[in-house]
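What follows is a short report on a single structure.
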Amino acid sequence: MISIQDQIVLITGASSGIGAACARVFAQAGAKLILVARRQERLEQIAEELGHSSVHLLALDVCDRSAVESTLEKLPEPWSAIDILINNAGLSRGLNKFQEGDFQDWEEMIDTNLKGLLYLTRYIVPGMISRGKGHIVNLGSTAGHYTYPNGNVYCATKAAVRVISEGLKQDLLGTPVRVSSVDPGLVETEFSQVRFRGDGDRAKKVYQGLTPLTPADVADVILFCVTRPLHVNVSEVLLMPTDQA
Ligand code: NDP
């Protein structure tokens with residue numbers, strides 16, 4: 001196991017769920033954190049919980065390519081030397097048959113789950129290569145492995161995350177930069193609330209009849225991936241609630 005003490009870790013979607021859990025777990029392991037999300041007040045709450053030390057906040061929409069570029073360009077020392085990028089920001093909208101799909105929902109999922117991940121990675125990877133170290137962790141999903149009814153476009157974005165992770169790994173061969181895809185099953189977060197636009201009853205039904213993963217379960221696996229010895233790359237992890245089909 002290698003130490004991540006004082007490593008600079010950028011986490012997107014750090015204002016709730018899996019991203020916030022990663023912030024807690026990585027802070028505990030001694031990392032310096034750049035926390036990214038749109039809701040600044042949520043980020044500030046998490047920074048306060050972590051004692052503000054070694055935390056840098058970026059209120060940023062990952063879908064806005066020019067904002068991503070200029071924000072990353074303006075990062076002060078030592079924050080600009082990012083060691084670990086956790087591409088976690090993501091969402092699902094609706095649960096509709098394809099033929100009833102809402103174009104705005106589709107665009108939001110594609111922009112956030114794919115373009116956001118591509119922008120952050122494209123701007124950060126060159127620095128990792130030139131500094132001779134780095135690790136990218138992409139949040140996929142079981143939805144990228146198994147398509148379910150009415151999940152069409154969300155499943156497509158998560159299948160694409162797996163392909164991007166694999167392609168990136170191929171293109172980084174010969175460099176010390178590692179790439180992992182962490183693909184969870186059901187995790188109890190605000191994800192279902194967002195999917196059903198605040199319809200709490202519908203959101204709760206998603207977890208009925210099983211014990212979902214917690215955000216901390218996923219954060220622990222991400223920490224495991226990045227703390228392996230440098231010659232070990234955990235390429236893909238599929239983690240499921242024990243009782244999820
Ligand atoms: P949450 O809804 O709890 O968290 C999503 C995070 O993404 C929030 O912090 C949100 O912050 C951020 N986010 C969304 N859009 C943007 C944007 N445009 N720019 C910046 N940040 C954004 O969900 P989870 O923690 O569950 O989801 C995290 C990841 O895990 C997602 O990629 C999801 O697809 C994946 N996943 C989730 C599963 C689950 O069952 N929950 C299962 C498998 C994978 P803000 O709104 O403040 O911008």
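Observations, loosely collected:
- Using alpha-carbon coordinates, inclination of helix 117-131 to the longest axis of the chain, degrees: 20
- Placed amide H near S180: partners under 5 Å, 5+ positions off or other chain: I136, V137, N138
- Straight-line cross-link reach from K204 at under 14 Å between alpha-carbon atoms covers these aspartates and glutamates, not counting any fewer than eight positions away in the same chain: E188, E190.
- Cα gyration tensor of region 141-234 - equivalent ellipsoid semi-axes, whole Å, descending: 30, 17, 10
- For K133, the lysines whose Cα comes closer than 17 Å to its Cα, not counting residues fewer than 8 places off in the same chain, are K32, K169.
- Counting neighbouring beta carbons within 10 Å and listing from fewest to most, the residues V137, V25, V163 come out as V163, V25, V137.
- Counting neighbouring beta carbons within 10 Å and listing from fewest to most, the residues K158, K169, K204 come out as K204, K169, K158.
- In region 1-108, inverting the average of 1/r over every pair of distinct C-alpha atoms gives 14.9 Å as the Kirkwood radius.
- Where Rh is the Kirkwood radius over Cα pairs, Rg/Rh for the chain: 0.94
- Helix-only [θ]222 nm of the chain, DSSP H runs n ≥ 4, -39500 (n - 2.57) each, per residue, nearest 500: -11500 deg cm²/dmol
- On Cα atoms only, tilt of 40-49 relative to the major axis of the chain in degrees: 60
- Cβ-to-Cβ counts within 10 Å put E166, E100 in ascending order as E100, E166, the fewest first.
- Long-range tail of P(r) for region 58-160 (Cα pairs > 16 Å, %): 60
- On the beta carbon distance between T147 and R38, with R0 = 25 Å, the FRET formula returns roughly 0.30.
Just so you know, all these numbers are worked out from the coordinates, no wet-lab data involved. Small disclaimer: the values here were computed from a predicted structure and weren't measured. Every residue, glycine as well, gets a Cβ built from its backbone with ideal geometry; the counts of neighbours run over all protein chains shown.
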